[in-house]
Amino acid sequence: MPDDDAPSRPSTDSPDDGSYDFVVVANRLPVDRITTPEGEPSFRTSPGGLVTALEPVMRAADGAWVGWTGSVDDHLEPFEHDGIHIIPVALSADDVELYYEGFSNDTLWPLYHDVIAPPAYHREWWERYVAVNRRFAERAAEIAAEDATVWVQDYQLQLVPRMLRQARPDLTIGFFNHIPFPAYGIFSQLPWRTQIVEGLLGADVIGFQRTADAGNFSRAVRRLLGYQAKGSVIDVPLDDSELASAKHRISAVRPNKPVRTVVARAFPISIDAESYEDLARRPDIQARAKEIREGLGNPDVVMLGVDRLDYTKGIGHRLKAFGELLADGAVDVEDVTLVQVASPSRERVRTYQRLRDEIELQVGRINGDYSTLSHTAISYLHHGYPREEMVALYLAADVMLVTALRDGMNLVAKEYVACRFDNDGVLVLSEFAGAADELKTALRVNPHDIEGLKEAMLTAMRMPRAERSRRMRAMRKRVTENDVERWSSEFLAALAAPSTSLALPAANEASDPTDPSEEAGS
C-alpha cells in the first residue's frame, strides 16, 4: 500500500489521452499542494471520505482524477500520485469568483439547503458555471478510453453528465450529489432549473444521500420535462441524433420511441470506520483525550460540536440552547463545558463573514455571563485540526451535538460513533441530517425547537450507562457494516448493471407528466 503521506512532485510527462477506463471528475483533486522542507512544490493526499473510498478503485483500474488544484491560474501538466493519475483543470480568478464562490456557493448551496440563507441569481454566474462545467467535461472526454466509466461528483458539476453524453455516447456515466436535493417548490425558484435537470439526466445512475432527495429529483423531472419516472427509474427519450450515435446499445427496434433508462436513488455515503476506530485505540490518542479533559478543568460532562462554519449547521441554535440551560440553572459551568470546533469556510463570501461575526458575538456573550476563573462555558475553536486531534476530541466528549438545519449526510456523526469503541457517549442528532436515516438510536432533535433541544441535551447528560451502551452499539453496528467502501461498491455495481442501458417503454405505459402526489409535497 502506498504511503498516503508521502509527497509527490509534479511530473512533466503527460499520460496518453484516451487511455483511462475509469475517470473521476470532481471540483477538487484528491491532493493538496504543499512545500517540502527543501522548499520544493509537492502534493499530499487530501483527507476525506471520498478520496478514501475511491483510492483502491482508482489504483485497481489505473484510473484518472480530473479536478482543480485549489490554486488560481495553476496550469499544471498531468502527473501521478500514489497510483492515481492526476489531471488538473485550471481555474482563473474570475472562474473562482463567478463559478465557485458565486453560482456554486451563493446560488446552489443555499437553494439546495432549503433557502436557509437567500440564494443570489446572477446571469454572469450561470454563464461561467456553464463554461467551467464544459471545461471539465471536455477534459474528461479527452482522457477516457472507449466504453470507459466516468463518475462525476457533486453540485459544482451538474452539467457535466449531459455534456459528456453528447461528446462521448460510448461512456457509462455516474453522478453523485453529496448535498441535499430540494423539494420542487424550492428548486423551481432557480431560473436555470430545466438546464440543471437535463444536465443530470446525462448520467446513467444519479446517486443521492437520502431517498427523499431522489424523490425530489424525480418529481422535478416529471414537472419540468414530463418524462416517465416510476420508483427509481426515469425514462429519457432519445432524439434522432442520440439514437444514431447510441444504436449499438439497443437490442431491438420497436414501434415505440426508444428511451435511455436512468436510475436515480439513494446511496448514503459513509466513512472509513475501521481507520477511525484504529486511531481511537491508540494509547497516545487516548492519552491526548485525557489531556483535553484536564485542560477543560475536568468537568463532569464535555459536550462537543464539530462543524464547518456554515449557516446550515445550526451552530447558533445549539449555542442558544446551551446558554439558556446555563441561564435556567439547569446546568452549572463548573460541571458542564461545551467545546465548539468551527473550521474556517468560504471566508471570502459575505454571508459567511457575517455568520462568523454572529457566532463569535454569541460565544462572547455566553462566556462573559457564565464563565468563571477556573471554568469556561464554551471553548470556541475557529481552526481546522488533523484527524488524530479530532479523534481525541471525540473520545473526550460525553455528548456529541449535531444540530444541522439541513445536511446531505453529516459524516461527523458517523466519525464520533466509529471512534466510540468503548460503547459510550451520546449522539444528539438533527432529524434534518441524512445520518438520521441510519443512526436511529441517536437522540433525534428538531434544532429549530430550542426547548426540545435543551431537553435532549439534558437527557444526554443524565442518560444511564446501560442505555448509552445499548444505543451506541446499535449505531456502531450500522456504521461498521455500511462503510465508505460499501458505498462506492454499491454505486459502481448499480452503474454496471444492465438496467442502466437503453430500453423501450411498454406500449401501455404512456408518459404521465403530472403526479397528484407532487402537488401537496411541493
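The values are calculated or read from the model by the stated rules, or taken from the named source; none is laboratory data. Note that this is a predicted model, so its numbers are computed, not measured. As a convention, Cβ positions derive from the backbone with ideal geometry for all residues, glycine included, and neighbour counts pool all protein chains shown. What goes into the accessible areas is simple: the full protein's heavy atoms, side chains included, and nothing from ligands, DNA or RNA. Shrake-Rupley method; radii C 1.70, N 1.55, O 1.52, S 1.80 Å.
Can you pull the accessible area of ASP147 for me, 1.4 Å probe, Å² to the nearest 10?
Roll a 1.4 Å probe over it and ASP147 shows about 100 Å².
Given the -39500 (n - 2.57) contribution per DSSP H run of 4+ residues, what per-residue ellipticity at 222 nm results for the chain, rounded to the nearest 500 deg cm²/dmol?
-12000 deg cm²/dmol
Which parts of segment 75-95 would a label at GLU138 reach, counting a residue when its backbone N lies under 14 Å from a point 7 Å out along Cα-to-Cβ?
Within reach of a label on GLU138: 89-92.
Rounding to the nearest 10 and keeping the result within 0 to 90°, find how far the Cα-based axis of helix 484-496 lies from the longest principal axis of the chain.
10
State the extension gain, in nm to one decimal, for the chain segment bounded by GLU38 and LEU296, taking 0.36 nm per residue of separation less the distance between their alpha-carbons.
The GLU38-LEU296 span can extend by a further 89.0 nm.
Using only Cα atoms, tell me the angle between helix 211-225 and the longest principal axis of the chain; keep it within 0 to 90° and round to the nearest 10.
40
Taking only pairs that are 8 or more places apart or on different chains, how many Lys pairs in the chain have Cα atoms under 29 angstrom apart?
So the count of such lysine pairs works out to 22.
Keeping all protein chains in place and using 1.4 angstrom, which order do SER92, SER374 fall into by accessible surface area, from largest down?
SER374, SER92
Given H placed 1.01 Å from N in the peptide plane, which residues other than close sequence neighbours of PHE421 have an amide H under 5 Å from its amide H?
Long-range HN contacts for PHE421: none found.
Which of rounded, prolate, oblate describes segment 272-390, given a ≥ b ≥ c as roots of the alpha-carbon gyration tensor eigenvalues and a/c under 1.5 marking rounded, otherwise prolate only if a/b is larger than b/c?
Oblate.
Residues of segment 301-341 with the amide nitrogen closer than 13 Å to a label point 7 Å from the Cα of ILE116, along Cα-to-Cβ, please.
Counting backbone N atoms under 13 Å from the label point, the list is 306-319.
Once the Cα atoms of helix 123-143 and of the chain are each reduced to a long axis, what angle between those two axes, in degrees from 0 to 90 to the nearest 10, is obtained?
Approximately 70 degrees, to the nearest 10.
Whole-Hz ³J(HN,Hα) for each residue in segment 344-360, computed from phi via Karplus 6.51 cos²θ - 1.76 cosθ + 1.60 with θ = phi - 60°, x for glycine and proline: what do you get?
x, 8, 6, 5, 8, 8, 4, 4, 6, 5, 5, 4, 4, 4, 5, 5, 5
Can you give me the distance in nm between label points at ASP94 and ASP369, each placed 7 Å from the Cα along the Cα-to-Cβ direction?
5.0
May I ask you to derive the FRET efficiency for LYS440 and GLN166 from their Cβ-Cβ distance with R0 = 41 Å, giving the value to the nearest 0.05?
0.45
Just to confirm a number: summing +1 for Lys and Arg and -1 for Asp and Glu over residues other than LEU361 whose beta-carbon lies under 15 angstrom from that of LEU361, what do you get?
0
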